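Any read-out appearing in this document is the output of simple, stated calculations on the displayed coordinates, not a laboratory observation. This one's a predicted model, so the numbers in the text were calculated from it and none came from an experiment. Cβ sites come from the backbone with ideal geometry, for glycine too, and all protein chains shown count toward neighbours.
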Amino acid sequence: MNSRRSATLLARRLDQLLKPRVLPAPWPLRPSCDSRHFSLGSRNGAPKQAKPDNRTARLSGHRAPRIAGIVAAVALVSVLMSHSAALDSHQPADASIFASSSTKPGKVVDDRDASLPRFRLAEIRKHGADSENPWVIHGDKVYDITDWIPAHPGGQVILRAAGGSIEPYWNIFTIHKNDYVYEILSNYCIGYVHAADLINGRPAQEQIEDPFADDPARHGSLITRTAKPCNAETPEDALSAHFLTANDLFYVRNHMWVPKVSTDEYVLTVELYDGTVKQYTLLDLKTRFPSHKITAVMQCSGNRRSHMSQGAGRPANGLAWDVGAISNATWQGVRLSDVLNDAGFDVAEGLSGSSEVKHVHFSGLEAYAASIPLKKAVDPQGDVLLAYAMNDEPLPRDHGFPLRAVVPGHVAARSVKWLSHIALSDEESTSQWQRRDYKCFGPNQTRVDWDAAPAIQELPVQSAMTGVKTGGWVSSGAQDGETKQLISLNGYAFSGGGRAIIRVDVSLDAGKSWTQARLVADGICPQEQGHAAWAWKQWRLDTTIPLGAFSQADNEGDDNHVDASKRSSSGGGGADNKAPATTRRCTTVVVKATDDAYNSQPESHAATWNLRGNLATAWHRVRVCADCSPKALAAAQPAKRAGSDQG
């Protein structure tokens, strides 16, 4: 496999693998050096021709919007310790490597493949981040990653390991510990570390600083999906408790570590299409532009992914979010269009569609980058903010302090946190997260053409139950004396693009019949609403379930079942709490929503399954079971947590 083909394979495959997710440590797959890869700095047997080192030129300034994310990545990754640190950590011998001390003092036996060259550590260190041909060590092998860098989803962050071992970094970013990553890396092998520099068959490891060490403390009630980076969802009781989600219970979606930023040193760079650059301090933004507030939902594209996996009967790659990768807040900041106008962009031209600019790029301090269409960015009713406050408090660190983009009605992946750079371009962001993630494909597509699918922007209709309470048993009072169980349901509904929720339908019998929930008044101040329905709509239904609706307990094809001990409570409310003497029987409660464009939700996850598990919007189903106990319980099993993927 030549380097070009392996880079292509990497781009196709690692776009799924290299996302912030926790993978179970696989049995080590030790890459073996291919005999074709024997010459110094070469993967075709011929020495490489020297060429001018233009890496510095490529990275300097912000002339090309597409590299803004890489620039930010290289800048922020300085939180990691320099590779000049002392070599004071060693790893045990690897069974697949044999380089031991001879019985004769001072002599080392090396029985590894003799056709491959050996490199001293001093030589390897010369191929650091500033070298034209950066090398890394993995195990006892040396790899020239020059051709890997352009295809690496994390950009040039990988250069931090250049000149030394990559393993300490992969021990932190454990998503790399995957057989396919090792397979790709093996194609860049150029030789071995010299036996004289091995200790127990491996080179000494450098100590590096954990980039997550300075992450903020989080509320203990958040449901953590991954710790490094932090990905945690809002608990269901907090989703139901208030219209605005408390800042410390707002769901957290991080792709890397949380930057530590001093407001005194913070600068936002705005780059126009012609390369003109203007910079703003946080004080500039707060004092030179009008302040605006909007109340808007942030929702991860993978919200309810666990339901999709279970409902479709096939796993989707990504964090196994339940219903809590969504939250609602009031955001305060300045309009993006005002800042672009001040920086010199003709907003009127942008509104007319005659501008060469078609996209606005956002880059964060931690390397994340994304973009939105210009027409959304400059729409006076689009309400795109550069926000510095959340629920009348400064942005928390986990949510973008000191400044983030807020793109209401769009997937939260476009509302870039820790915003450092804005650029105008004729094409969308070239970042991994724009081009190779946050897209959807058909249920049958597992080998996909990422360029053929548009990036997710506006969100479809979504709804979920976040509270289920069952009460006592009551008689209908009719001649038939039908027995019914009290039940109280609540939840949220939301639609992207500013489309308002007009109806929430609830079925107590798995979709055979329907009733409408009450939409709860939100009490948003007109000054904080914005120009469209950017916030969620909470709903509630207090009713009874006829005994006849319960059938013998089974799964009934439900796509998610929720633990009664977490979601429900019992209460008589003056009713007779004696349940009918019957075997345990269940029904499935279903919710779906409709927006003002009469968009609704699909019935089945099977029809909308996609390999990344994005936009899981099928009917939300919860099984509710009657019990012969005086205290009936609303049922269920929690959705299975992810074992290997995230995103």
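Data table
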read-out: Geometric extent, Cα atoms of the range 223-446 - Rg, Dmax (angstrom); value: 17.7, 54
read-out: Amide N of the range 366-410 lying under 15 Å from the label point, which is placed 7 angstrom from the Cα of Asn341 along Cα→Cβ; value: 377-386
read-out: Leading residue at positive end of dipole, the range 376-521 (Cβ point charges), from Ile422, Val378, Val406; value: Val406
read-out: Estimated dipole of the range 368-442 in Debye, rounded to 20 [Cβ of Lys and Arg +1, of Asp and Glu -1, Cα centre]; value: 240 debye
read-out: Span per principal axis, largest first, for the Cα atoms of the range 269-341 (Å); value: 53, 31, 16
read-out: For peptides 524-537, 369-382, sequence by mean Cβ density within 10 Å, most packed first; value: 369-382, 524-537
read-out: FRET efficiency, 1/(1 + (r/R0)^6) with R0 56 Å, evaluated for Ala204 and Ser240 via beta carbons; value: 0.55
read-out: Simple spin-label estimate for Asp449 and Ala122 in nanometres, 7 Å along Cα-Cβ; value: 5.4 nm
read-out: Long-range amide H partners of Ser429 with built H, under 5 Å; value: Ser371
read-out: Cα-projected label distance for Lys260 with Leu283, points at 7 Å along beta-carbon direction, nm; value: 2.3 nm
read-out: For the range 223-446, with +1 on Lys and Arg beta carbons and -1 on Asp and Glu, the positive-most of Gln279, Val339, Tyr251 along the dipole; value: Tyr251
read-out: Ordering of 284-294, 389-399 by burial proxy (mean other Cβ atoms within 10 Å per residue, highest first); value: 389-399, 284-294
